[in-house]
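Participant: To start, I am sharing the structure in question, which I have written as structure tokens.
The values are calculated or read from the model by the stated rules, or taken from the named source; none is laboratory data. Keep in mind the model is a prediction, meaning the values are calculated, not measured. Neighbour counts are summed over all protein chains in view; Cβ atoms, including those assigned to glycine, are modelled from backbone coordinates with ideal geometry.
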Amino acid sequence: MNKNDIYEIKIDDLGNDGEGIGHLSTEDKKSFAVFVKDALVGELVRVRILKVKKNYAYGRLEEIIKPSPDRVQPVCPEARRCGGCLLMHMSYEMELEYKWNKVRECLERIGGIVNAGSYMEKIEGMDNPYFFRNKMQFPVGVNRDGRVTMGFFAQRTHSIIDLDKCYIGHPLNEYLIKHLKPWLQRWQDRTGGFIYNEMAHEGLVRHILTRVGFKTGEVMVCLVINGDSLNVSKDAADELMSALNRGVDEYNEHFMEYPLQSRVRLASVSININRDKTNRIMGDRCKILWGNDCISDYIGDIKFNISPMSFFQVNPIQTKILYDKAVDYAGLSGNENVWDMYCGIGTISLALAKNAHMVYGVEIVPQAIEDARNNADLNAISNVEFFCGKAEEVVPRFYEERRNDAGSRPDVVVVDPPRKGCDQTLLDTISRMKPDKIVYVSCDPATLARDIKILTEKGFELKKVGVVDQFCHSCHVESVVLLQRKNM
Ligand code: SAH
């Protein structure tokens, strides 16, 4: 097989990034996998080979000879180029089925669970899987013709796809982009280096972050800049404010056309200082240009203050469903001691606290723990205690110190680790703590299944699995699992 060869291939599987996978037999009868972005299972496609490796190859989709009945025209015209929505060419029903199956397969193949589907609830999809994100981060740049571009990176690159509108962000973003782009262009034309150039590490404005409180309507805009201030001219900041206000006003004239049907108002405008030559979007410091230093929003009836650098779940509607499930699986009566490992800003901890005796949260990022404590105060929740540190260090230490104290045994342990899953030491400690239940919230079914295998070997039993679609049109799958201790 050589680069630029053309093959007809039947797609029989989907990979981790939603790419189609077909198999060719080579002369020595070995099966050879070909990865084809944008192709769906069941499709017969013509591909041009782009890159050949030892056991597999990448092909470019040249023609769909026989399309899948699940193929749809993506709502967004840029879906194929943009690195954001990798599954928009698939019907939403099919996408939900794909995600549910991904969890089932991982549980069976990696977790060693027999007939995993029988433990799984129906996947929770969105009625309207568009305009659901509360946070957007738009990179800005200048193209060859000197025109300002603002949008998203193409998949696995740093070339910016210029967008007027994004179908998964809050609809306000379209109106903000419409007024921000001319403002950026004007100052780029006037001063030359207003827009950041990533290659040369020169220029000022790098990214624009927006956040909208879905319940409060509060809007945050934060400009990430390669500098300490926006001091090109006082007019620049004034013009920025009028651009943002025009965007908000125009959206408010149209808000009835969108799913949330609520007005918004500008609440916080800031800059974030990031002078490093780095892929990290945000730097460590913010300065307020106008309004408050944070916005607030709710998940259920719990209020959160969110600053530009805070972590906050991006799909507030589905997050509520996910946390409700986690709380439901925990099955609390009000007397329990609960641990919430990897607690972030305390979102799950606070949701659990209402029905628990005491909730202990552990999180590695100091700022997140500070946010968690403030959020507890903000909601007058006092039966929570937060520890800052690695869960795999804090929890064993706590266990050693207090294991003989009456009432120190946790009744329920909740974990919500990052994609790499739980640390082995932590899983050991959890099993020694002998909780009645473990509720595992996961953003990666493969590491979830690996950890479930470990926990089932340590005497826990899989009881229930929920899958909640938090990141519609992407390949990310969020699930929540209930494990119960045997011989209780
Ligand atoms: N439960 C929270 C956050 C989950 S994201 C929510 O739903 O909002 C996972 C969190 O684990 C992140 O906040 C990350 O900072 C934290 N984390 C990563 N490694 C950790 C470790 N070893 N110990 C404790 N927390 C860790």
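Participant: Condition (residue is crowded, with 20+ Cβ neighbours inside 10 Å and of a type in the set (Asp, Glu)) applied to segment 447-460: is it met by at least one residue?
Facilitator: yes
Participant: Just the residues that are not in a helix (DSSP H, G or I) and not aromatic (Phe, Trp, Tyr), please, taken from segment 376-395.
Facilitator: Result: Asn379, Ala380, Ile381, Ser382, Asn383, Val384, Glu385, Cys388, Gly389, Lys390.
Participant: Can you give me the number of residues within segment 200-240 that are surrounded by fewer than 16 Cβ atoms within 10 Å (Cβ to Cβ) and closer than 17 Å to Arg285 by Cβ?
Facilitator: Of the residues in that region, 3 qualify.
Participant: So how many residues does segment 159-176 have that are farther than 24 Å from Arg263 by Cα and touching a residue at least 60 places away in the same chain (Cβ under 8 Å)?
Facilitator: Residues that pass the stated criteria total 1.
Participant: I've got another one for you. Would you point out which residue out of Arg80, Arg60, Arg104, Arg46 is out of contact with any helix residue (DSSP H, G or I) (no Cβ under 9 Å at 6 or more places or on another chain) and not in a strand (DSSP E or B)?
Facilitator: None of the other options fit; the residue is Arg80.
Participant: Take the conditions on the phi > 0 side of the Ramachandran plot and within 16 Å of the ligand (Cβ to nearest atom) and apply them to Gly291. Does it pass?
Facilitator: No: the conditions fail for Gly291.
Participant: Follow-up. For segment 457-472, state whether one or more residues are more than 11 Å from the ligand (Cβ to nearest atom), assigned to a strand (DSSP E or B) and small (Gly, Ala, Ser).
Facilitator: Yes; the residues of segment 457-472 include at least one that is more than 11 Å from the ligand (Cβ to nearest atom), assigned to a strand (DSSP E or B) and small (Gly, Ala, Ser).
Participant: If Met341 meets every condition in (1) touching a residue at least 24 places away in the same chain (Cβ under 8 Å); (2) surrounded by fewer than 18 Cβ atoms within 10 Å (Cβ to Cβ); (3) under 19 Å from Leu482 (Cβ atoms) apart from one, which number is that one?
Facilitator: Single failed check for Met341: (2).
Participant: Sticking with this one: Can you tell me which residues in segment 243-280 are over 19 Å from Asn292 (Cβ atoms) and charged (D, E, K, R)?
Facilitator: Arg246, Asp249, Glu250, Glu253, Glu257, Arg275, Asp276, Lys277, Arg280
Participant: Give the residue that is surrounded by the most Cβ atoms within 10 Å (Cβ to Cβ), with candidates limited to residues of segment 346-367 that are near the ligand (Cβ under 6 Å from one of its atoms) and among the hydrophobic types (A, V, I, L, M, F, W, C).
Facilitator: In this case the residue turns out to be Ile348.
Participant: If I go through segment 94-138 residue by residue, how many of them are under 30 Å from Met309 (Cα atoms), surrounded by 21 or more Cβ atoms within 10 Å (Cβ to Cβ) and more than 17 Å from the chain's Cα centre (by Cα)?
Facilitator: Counting residues in segment 94-138 that are under 30 Å from Met309 (Cα atoms), surrounded by 21 or more Cβ atoms within 10 Å (Cβ to Cβ) and more than 17 Å from the chain's Cα centre (by Cα) gives 0.
Participant: Okay, next question. Got a number for residues in segment 409-438 being part of a helix (DSSP H, G or I) and among the charged types (D, E, K, R)?
Facilitator: Number of matching residues: 2.
Participant: Give just the number: which of (1) within 9 Å of the ligand (Cβ to nearest atom); (2) closer than 12 Å to Tyr360 by Cα does Lys420 not satisfy?
Facilitator: Looking at each condition in turn, Lys420 falls short on (2).
Participant: On to the next question. With the requirement that a residue be within 12 Å of the ligand (Cβ to nearest atom) and touching a Pro at 6+ places or on another chain (Cβ under 8 Å), what does segment 306-345 give you?
Facilitator: Within segment 306-345, Trp339, Met341, Tyr342 meet the criteria.
Participant: Which of the following residues is surrounded by 19 or more Cβ atoms within 10 Å (Cβ to Cβ) and either among the β-branched types (Val, Ile, Thr) or touching a residue at least 40 places away in the same chain (Cβ under 8 Å) (or both): Glu78, Glu8, Glu43?
Facilitator: Sole residue among the options that is surrounded by 19 or more Cβ atoms within 10 Å (Cβ to Cβ) and either among the β-branched types (Val, Ile, Thr) or touching a residue at least 40 places away in the same chain (Cβ under 8 Å) (or both): Glu78.
Participant: Follow-up question, since we're still on this one. Take Ala33 and tell me if it is assigned to a strand (DSSP E or B), at pLDDT 90 or above and in contact with a strand residue (DSSP E or B) (Cβ under 7 Å, 6 or more places away or on another chain).
Facilitator: Yes.
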